[in-house]
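Have a look at the structure below before the remarks.
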Amino acid sequence: MALQAIKYDTGKLEILDQLLLPKESKYISIKGVEDGWRAIHNMQVRGAPAIAIVGCLSLVVDIYNEEFEKKKVLRQEVEGKLNYLVSARPTAVNMKLAADDLLNMANDLAKDENISVSEMKNRFIKAVEEMLEKDVADNSAIGQHGATAILNQDNVRNGNVRVLTHCNTGSLATSGYGTALGVCRSLAFHKRLEHVYCTETRPYNQGARLTAYELVYDKLPATLICDSAVSYLMKTRHITAVIVGADRVAANGDTANKIGTYQIAICAKYHSVPFYVAVPLTSIDFSMPSGDQIVIEERPEKEMTYISNVRIAAPGINCWNPAFDVTPASLITGIVTELGVFKPSELGNLSKKLNSS
Ligand code: MRU
């Protein structure tokens, strides 16, 4: 059975507590936006698409259990709670874009005199529930496009590929299947994945705890490496491509992703290894001109000075713990989306095409 980070059934939401993995597989109940905000902020659920989906579903749980007499009241509640959810983690854009779309929808429904308050509530709930299904379908398309792009590269040896990935972008970070990890899954499905290397992803070890867990769960050929082994891996193991996810891609292709992504992209350039970013369109912020404007979240120092409640850093040392960095577009070979693979310079045309359709 496929690993499921999010369990949702008509107004009832549970998430796999990712802070307990791989030791313990335990689902916790999300009873509304307060729980949703906390689970996202504390990283019991993380990964840009999963943050948006759990956030929006937590709002559904709230309004599902409430009676509204007026559409205006429902609209106000939706707006206030969406703004609150957006504040849980600042770098990932998916929650913000979902909030904008849902608020536009709520505004239109509130204005439409032919729609009753209960109809408005039902339509709103349905729109969020559809996000869950769309994300899995988009990830499957991303997997296919990414696998095709990598397999068409000149550096593929004996028909099979060895890829490197960073952080966790799999079923745990999405509604299912994953983005960058979805590309690995697709390569494996086509029996072309020779090996996937995943980094530990310090400081919070999403690679060692979560990606390694998913790779073992799916029985994919995989090896965990320290973040500091990346250059040596590229020098000695013939890596065909790097594939990572993103929390926000700016309009020029600059990409915010887990801290450490930038240095991997530099290593990839030096070793002539193609570097791909796999994202649903909901991770692209066409309104942000470049990566310079992306707000980088800084996390508590405890997430770097402790591992499983054991202090590993010398007491008294100062710490700096940015959760993400920005990889310049010039280091990115292709951005893999559900609509195909684009060079960073092609995002402008993509945006125009999306706006006109
Ligand atoms: O801090 P996290 O674990 O939420 O960071 C996650 C990442 O950086 C992922 O690469 C990104 O959100 C894409 S998940 C499909």
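Read-outs throughout are calculated quantities, based only on the coordinates presented, and are distinct from any laboratory measurement. Owing to the predicted nature of the structure, the values given are computational and were not obtained by experimental measurement. Cβ coordinates were reconstructed from backbone atoms using ideal geometry, including for glycine residues, and neighbour counts include every protein chain displayed.
Couple of notes before you dig in:
- Based on Cα contacts under 8 Å between residues 6+ apart, the range 29-106 shows a relative contact order of 39 percent.
- Under 5 Å, built H, 5+ apart or other chain: amide partners of Y306: I312
- For the chain, complete DSSP H runs whose alpha carbons reach 15 Å or more along their own long axis and whose mean Kyte-Doolittle score is 1.6 or higher are 48-64.
- Applying Stokes-Einstein at 37 °C and 0.692 mPa s to the Kirkwood radius of the chain, computed over alpha-carbon pairs, gives a translational diffusion coefficient of 158 µm² s⁻¹.
- Extension gain, L19 back to Y306 (0.36 nm per residue minus Cα-Cα distance, nm): 102.0 nm
- Of the trypsin sites (Lys or Arg not before Pro) found in the range 212-268, those that fall in a DSSP loop while having at most 15 other beta-carbon atoms within 10 Å are K219, R237.
- Within the range 245-259: backbone nitrogen closer than 20 Å to the S330 label point (7 Å, Cα to C-beta): 249-257
- Around the Cα centre of the range 180-286, unit charges on the Cβ atoms of Lys, Arg, Asp and Glu (plus for the first two, minus for the last two) sum to a dipole of about 280 debye.
- The range 310-326 and the range 188-251 have Cα centres lying 23 Å from one another.
- Residue among L193, S287, A92 farthest towards the positive dipole end of the chain, charges placed on Cβ: L193
- A simple count of charges around N155, restricted to other residues whose Cβ falls under 15 Å of its Cβ and scoring Lys, Arg +1 and Asp, Glu -1, yields +4.
- Extension gain, K191 to D9: 0.36 nm times the residue separation minus the Cα-Cα distance gives 62.1 nm.
- Computed label-point distance, nm, for sites A313 and H41 using a 7 Å Cα→Cβ extension: 2.1
- Candidates M131, M95, M304, ranked by Gaussian network fluctuation over the chain, Cα under 10 Å, top entry: M304
- Restricting the chymotrypsin sites (Phe, Trp or Tyr not before Pro) of the range 35-123 to loop positions (DSSP other than H, G, I, E, B) with no more than 11 neighbouring Cβ atoms within 10 Å leaves nothing.
- The gain in end-to-end length when the E34 to N104 segment is fully stretched comes to 22.9 nm, 0.36 nm per residue minus the alpha carbon separation.
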